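Participant: Can you keep this structure in mind? I'll have questions shortly.
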Amino acid sequence: MDIQTELETAHLLAAADTSILTTAVRPELVMERGEGMYLWDTDGKQYLDFVGGWAVTCLGHSPTVIQEALAKQSAALVHSSPSFYNKPMIQFAKLLTDVSGYDRAFFTSSGAEANEGAIKLARKHGSIHRGGAFEIITTVNGFHGRTLATMSATGKKLWEPLFAPKIPGFKHVPLNDLDACLAAINPYTCAIMLELVQGEGGVHAADVEYVRELRKICDDSGIMLIFDEIQTGFGRTGKLFAYEHYGVQADVMTLGKGIGGGFPLSAMLTKEAFNIFDVGDQGGTYTGQPLAMAVGQAVVQELIRLELPLNAEQQGCYILERLHQIADQYNLQHIRGKGLLLAFDLPEAVGPELVAACLQVGLLINAPNPLTIRLMPPLIVSKTDIDSMFDLLCCAMDSIF
């Protein structure tokens, strides 16, 4: 690294320190470019990415199909307002409904917006079919977003005192505790909402029988069932959608992260029976925006063409195998997950320290809590990438333990 590059990075960091609102603790580096499984900072240092932009960059960094979709669509139409149909909107909605088994799509820009839409739809359902019911049952340690409503739906203990008063009408019950869920249901209940694999909560999967029983309960009582597949959708768990592991479909499914491969995009999919919004009930300036629609279509088609859900399943099994091989050496506990949404627990609460040590050796990983490490690499990951990751991970763990 030359002096000029070092000065440029220092200048950028100084500008960030005085101009960007403080909402996160970030390391003293600036990411500049990415390709495939790797990112490079402004100093030219390379990082093997096993965070995947927070389970977003499913095709890796700067894939050709996204570059081409952006160039082609931006030359034709970037935005026409939500008041009109556009060709990519119709094409992408048809693609999603065809591959998902759902009937209708509503497009937004973030996972939180998609979940807001699901919350609104659930309350609309409650007002029409459940005598004004408005309460939604969610799970402890579930995560649904950062708007006030989705933070209220989130079962994160540390968030309880934030931005009070919260939006009322949410009950949190432990994941996989059917009795607790049954006890929470009352005449005011309009929906049950959960992640099939809790991502931010530490990678904890719902049990198959639990999910199937929830489906029966909702069918019997007229309660809406919502699956938040913002993190688990589009191949992340080894299936195109995580619900395929369970043989159960929800009434509503929310999608985000991998849907755009890095472009801001999300969706809410519903069965026809829940196509119940009146005109004006829901909207958004960027819903169905042509540029986003073209990217989403390109990403999903490429995921399917390359059979990346299958690759996620195969490579996830290999990562689990390698983790079990080093478990005794580093006293790793509770190795778990599906596909390429994986986690393990550390013998001590040193998650942030291990993340920092990995960063130093050129590896990006995530600690959703001090005891847990989460791995969620791009779905294009290969065995060679995984072997390189373990070399770097073990080097970092040797410096910690």
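Participant: Given a Förster radius of 25 Å and the C-beta distance between Ala273 and Arg146 as r, what FRET efficiency does 1/(1 + (r/R0)^6) yield to the nearest 0.05?
Facilitator: So, using R0 = 25 Å, E works out to roughly 0.25.
Participant: Which cross-chain or sequence-distant (5 or more) residues have an amide H under 5 Å from the amide H of Ser266, H modelled 1.01 Å from N in plane?
Facilitator: Distant-sequence amide H within range of Ser266: Thr108, Ser109, Ser110.
Participant: At a temperature of 4 °C and a viscosity of 1.567 mPa s, determine how fast the stretch 103-231 diffuses translationally according to Stokes-Einstein, using the Kirkwood radius over alpha-carbon pairs as Rh; express D in µm²/s, rounded to the nearest whole number.
Facilitator: 88
Participant: While we're here: Which percentage, to the nearest 5, of the DSSP beta bridges contained in the chain is antiparallel?
Facilitator: 60
Participant: Turning to a different aspect of this structure: What shape does the stretch 156-259 take by its C-alpha gyration tensor, where a ≥ b ≥ c are the square roots of the eigenvalues and a/c under 1.5 counts as rounded, a/b above b/c as prolate, and the rest as oblate?
Facilitator: oblate
Participant: Rank Gly145, Ala76, Pro174 by how far each Cα sits towards the positive end of the charge dipole of the stretch 64-213 (+1 on Lys, Arg Cβ; -1 on Asp, Glu Cβ) and give me just the farthest.
Facilitator: It is Ala76.
Participant: Then there's this: For a quick protection proxy, order the peptides 208-219, 252-263 by their average other-Cβ count within 10 Å, most packed first.
Facilitator: 252-263, 208-219
Participant: Hey, got a sec? Which trypsin sites (Lys or Arg not before Pro) in the stretch 303-401 land in a DSSP loop and have at most 14 other Cβ atoms within 10 Å?
Facilitator: Answer in residue order: no site qualifies.
Participant: I've got another one for you. In the stretch 64-305, what is the count of Lys pairs whose alpha carbons are under 19 Å apart, counting only pairs at least 8 residues apart or on separate chains?
Facilitator: Counting lysine pairs in the stretch 64-305 gives 13.
Participant: What whole-number distance in Å separates the alpha-carbon centres of the stretch 259-278 and the stretch 307-354?
Facilitator: 31
Participant: Can you work out the PRE-style zone for Ala356? Point 7 Å along Cα to Cβ, and I want the residues of the stretch 29-63 with backbone N under 18 Å.
Facilitator: 29-30
Participant: Shifting gears a bit: Can you give the FRET efficiency for Ala14 and Glu307, using 1/(1 + (r/R0)^6), R0 = 45 Å, r = Cβ-Cβ distance, to the nearest 0.05?
Facilitator: Efficiency, rounded to the nearest 0.05: 0.45.
Participant: What residue among Tyr330, Gln314, Ser221 has its Cα farthest toward the positive end of the dipole of the stretch 203-344, where the charges are +1 on Lys, Arg and -1 on Asp, Glu, each on the Cβ?
Facilitator: Tyr330
Participant: Only Lys, Arg, Asp and Glu count, each charged at its Cβ (+1, +1, -1, -1), so figure out the dipole size of the stretch 64-305 about its Cα centre, rounded to 20 debye.
Facilitator: It works out to roughly 480 debye.
Participant: Further, regarding this structure: What is the sum of charges, Lys and Arg at +1 and Asp and Glu at -1, for the other residues whose Cβ falls under 15 Å from the Cβ of Gln198?
Facilitator: 0
Participant: Continuing with this model, one more query. Over what distance in Å are the Cα centres of the stretch 133-198 and the stretch 52-115 separated?
Facilitator: If you average the Cα positions of each part, the centres end up 28 Å apart.
Values quoted throughout were computed directly from the atomic coordinates according to the rules given, and no laboratory measurement underlies them. Because the structure is predicted, anything quoted here is derived from the model rather than measured. Don't worry about glycine lacking a Cβ; one is built from the backbone with ideal geometry, like all the others, and counts go over all protein chains shown.
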